[in-house]
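Asks: Sending over a structure as structure tokens; questions will come in a sec.
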């Protein structure tokens, strides 16, 4: 069942990508994602946009620069903090998203027209239930990076390694990381005989 759903999702995504390529040849996939996020969160600031896109702040800033130059985004001083910039879609970006959705819906309608009435109804009911359950259940946490068998090529990941040194050998002394003050040598008395 999961494999069949994965195949169906891949087909659906290919339909979406096909219409995106025809409609939005002016925007990259990352730019389109940014435009959609700004549409969903009108007035979003750059830091929040970077977080939602999973980008570095500097990358999101360059992405926004390109979208402003393309006439898709507007920057305005924030309502509460004038130093903070809020992002808004331009009318051109709204038209582009509407065009994309119309193209996508037309392509989906073509596919649905080839299905039986019973198949369309079963699909609608199944997708509605799937959407409801997916919204209620949080995504699974990714496994920690150290999960899995030890990698002998990584230091400290072998079977007999321990963070402080070999387990059955002498303890390895770690340097003290505390800040040390510099010591000056003491001046020697001048009249002292050696």
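Asks: Would you point out which residue out of 63, 96 is surrounded by 15 or more Cβ atoms within 10 Å (Cβ to Cβ) and touching a helix residue (DSSP H, G or I) at 6+ places or on another chain (Cβ under 6 Å)? So that I can check it myself, show each step before the final result.
Replies: Numbers: 96 fails: touching a helix residue (DSSP H, G or I) at 6+ places or on another chain (Cβ under 6 Å).
After ruling out the rest, the residue left standing is 63.
Asks: Going through the stretch 54-72 one residue at a time, which ones are part of a helix (DSSP H, G or I) and farther than 19 Å from residue 90 by Cβ?
Replies: Residues of the stretch 54-72 part of a helix (DSSP H, G or I): 57-69.
Passing the criteria: 57, 58, 59.
Asks: Out of 175, 139, 149, which single residue is assigned to a loop (DSSP other than H, G, I, E, B), modelled with pLDDT under 75, exposed (fewer than 10 other Cβ atoms within 10 Å of the Cβ) and over 33 Å from the mean Cα position of the chain (by Cα)? Full working, then the answer.
Replies: Numbers: 139 fails: over 33 Å from the mean Cα position of the chain (by Cα); 149 fails: over 33 Å from the mean Cα position of the chain (by Cα).
That would be 175, the only listed residue that is assigned to a loop (DSSP other than H, G, I, E, B), modelled with pLDDT under 75, exposed (fewer than 10 other Cβ atoms within 10 Å of the Cβ) and over 33 Å from the mean Cα position of the chain (by Cα).
Yes/no matrix, rows are residues, columns are (1) surrounded by fewer than 13 Cβ atoms within 10 Å (Cβ to Cβ); (2) in contact (Cβ under 8 Å) with a residue 12 or more places away in the chain; (3) in contact with a helix residue (DSSP H, G or I) (Cβ under 8 Å, 6 or more places away or on another chain):
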{"site": "1", "(1), (2), (3)": "yes, no, no"}
{"site": "7", "(1), (2), (3)": "yes, no, no"}
{"site": "17", "(1), (2), (3)": "yes, no, no"}
{"site": "41", "(1), (2), (3)": "no, no, yes"}
{"site": "58", "(1), (2), (3)": "yes, no, no"}
{"site": "75", "(1), (2), (3)": "no, yes, yes"}
{"site": "80", "(1), (2), (3)": "yes, no, no"}
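Asks: Can you name the residue in the stretch 43-56 that is closer than 19 Å to residue 76 by Cα and surrounded by 17 or more Cβ atoms within 10 Å (Cβ to Cβ) and, of all such residues, is nearest to the chain's Cα centre (by Cα)? Quick ask: steps written out before the conclusion?
Replies: Step one: filter the stretch 43-56 for residues closer than 19 Å to residue 76 by Cα, giving 43-50.
Still in the running and surrounded by 17 or more Cβ atoms within 10 Å (Cβ to Cβ): 44, 46, 49-50.
On the way: 44: 16, 46: 14, 49: 10, 50: 8 Å.
Here the residue is 50.
Asks: Taking the criterion of being in a loop (DSSP other than H, G, I, E, B), modelled with pLDDT of 80 or more and on the phi > 0 side of the Ramachandran plot, would at least one residue in the stretch 25-37 satisfy it?
Replies: If we filter the stretch 25-37 for residues that are in a loop (DSSP other than H, G, I, E, B), which is where we start, we get 25-28.
Filter once more, so that each one left must be modelled with pLDDT of 80 or more: 27-28.
Add one more test, that the residue is on the phi > 0 side of the Ramachandran plot, and what stays is none.
Within the stretch 25-37 (the criterion being in a loop (DSSP other than H, G, I, E, B), modelled with pLDDT of 80 or more and on the phi > 0 side of the Ramachandran plot), the answer is no, since none of the residues qualifies.
The values are calculated or read from the model by the stated rules, or taken from the named source; none is laboratory data. None of the values given here were measured: they were computed from a predicted structure. In this analysis, Cβ positions are derived from the backbone assuming ideal geometry, glycine residues included, and neighbour counts consider all displayed protein chains.
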